[in-house]
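Novice: This is the structure I have questions about; it appears just below.
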Amino acid sequence: SGIIRCVIVKDLSRLGRNHIETEQYIRTVFPFFNVRFIAVNDHFDSLHPEGDLMASLKNIINDAYAKDISRKIFTVKQNQRLKGEFVGNIPPYGYEKYPGPPIRLVPDPKASPIVKQIFALGAEGRTPAQIARLLNASHILSPSCYRISKYPQLRESSYPSCGKWTANTILKMLHNPVYLGRMVQGKSRKLSFKSRLTIKNPKELWIDGGITHEAIVTEELFQACQAAIEKRKCRAGQ
């Protein structure tokens, strides 16, 4: 719209650490829109092209620095997972984070009874779809809605909206060993430090930290649900 005529940053890394995208903005986007770009600490001003080579080298260094930081963070998180510490931002439905270090999970007094109810219904032979319908009919908040009600800031970020209980949500819960007090993490990973895309890890790469927190359901109840699920699978395969 021609409103912005100049962009000023502290240094080049504040514009970006992906050197390809940063170079594209400096060399193509800003000049196309006739926008002056200044990086104060790096003494770069697009009106004076004599600093172009140094700027390009610094962009490459910033990119490498970001990659190195990403690798170090991954190593720290991986060590925490091996110790059985919870490294996620939002705890699984039915739990809340007890401030650490180390950060551990404790049953949520409001949501944990719903988890027990879900497993009890599953052990009775109710299908995930039937359980979801019962919860929706009882106007019980789904995990996404409950997260937003508990953490309002999520409405504008990771969870902009919430929905109803679904059979898939119930099935994932019935299979999740976290409700036995076991911490299993590393089920997915970022494609790369430059991408927000996550991909699933094979089971052999999952990290089982063992028993790390208070269980919500008993081993007997958990296994009764697994048996009911397998029984339905066998019937469907006949």
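Novice: For the range 122-151, name all the residues that are within 25 Å of the chain's Cα centre (by Cα), among the polar types (S, T, N, Q) and not in a helix (DSSP H, G or I). Show your work before the answer.
Specialist: At the first step, the residues of the range 122-151 found to be within 25 Å of the chain's Cα centre (by Cα) are 128, 132, 140-151.
Then drop every residue that is not among the polar types (S, T, N, Q), which leaves 142, 144, 149.
Across the range 122-151, the qualifying residue is only 142.
Novice: How many of the residues in the range 11-25 are charged (D, E, K, R) and either over 17 Å from residue 57 (Cα atoms) or outside any loop (DSSP other than H, G, I, E, B) (or both)?
Specialist: Counting residues in the range 11-25 that are charged (D, E, K, R) and either over 17 Å from residue 57 (Cα atoms) or outside any loop (DSSP other than H, G, I, E, B) (or both) gives 3.
Novice: Which residue pairs have Cβ atoms closer than 8 Å, lie 6 or more positions apart in sequence or on different chains, and pair a first residue in the range 33-52 that is touching a residue at least 24 places away in the same chain (Cβ under 8 Å) and among the polar types (S, T, N, Q) with a second residue that is loosely packed, with under 15 Cβ neighbours inside 10 Å and part of a loop (DSSP other than H, G, I, E, B)?
Specialist: Within 8 Å, the pairs are 34/5; 41/10; 41/11.
Novice: Here's another thing I want to ask about it. Is the range 26-36 home to any residue that is touching a helix residue (DSSP H, G or I) at 6+ places or on another chain (Cβ under 9 Å) and outside any helix (DSSP H, G or I)?
Specialist: Within the range 26-36, one or more residues are touching a helix residue (DSSP H, G or I) at 6+ places or on another chain (Cβ under 9 Å) and outside any helix (DSSP H, G or I).
Novice: So which of 144, 149 is surrounded by fewer than 15 Cβ atoms within 10 Å (Cβ to Cβ) and either out of contact with any Gly (no Cβ under 7 Å at 6 or more places or on another chain) or not aromatic (Phe, Trp, Tyr) (or both)? Even if it seems obvious, please write down each step before you answer.
Specialist: On the way: 144 fails: surrounded by fewer than 15 Cβ atoms within 10 Å (Cβ to Cβ).
Residue meeting the stated conditions: 149.
Novice: Something else now. Out of (1) β-branched (Val, Ile, Thr); (2) over 17 Å from the mean Cα position of the chain (by Cα); (3) exposed (fewer than 14 other Cβ atoms within 10 Å of the Cβ), what's the single condition that is false for residue 76?
Specialist: (2)
Novice: Moving on to the next point. Checking residue 119 against (1) of a type in the set (A, V, I, L, M, F, W, C); (2) in a helix (DSSP H, G or I); (3) surrounded by fewer than 15 Cβ atoms within 10 Å (Cβ to Cβ), only one condition comes out false. Which one?
Specialist: (3)
Novice: Got at least one residue in the range 63-73 being closer than 29 Å to residue 143 by Cβ and either crowded, with 17+ Cβ neighbours inside 10 Å or without any contact (Cβ under 8 Å) to a residue 24 or more places away in the chain (or both)?
Specialist: The answer is yes, given that some residue of the range 63-73 is closer than 29 Å to residue 143 by Cβ and either crowded, with 17+ Cβ neighbours inside 10 Å or without any contact (Cβ under 8 Å) to a residue 24 or more places away in the chain (or both).
Read-outs throughout are calculated quantities, based only on the coordinates presented, and are distinct from any laboratory measurement. Quantities reported herein were computed from a predicted structural model and do not represent experimental measurements. So basically every Cβ, Gly included, is an ideal-geometry build from the backbone, and we count neighbours across all protein chains shown.
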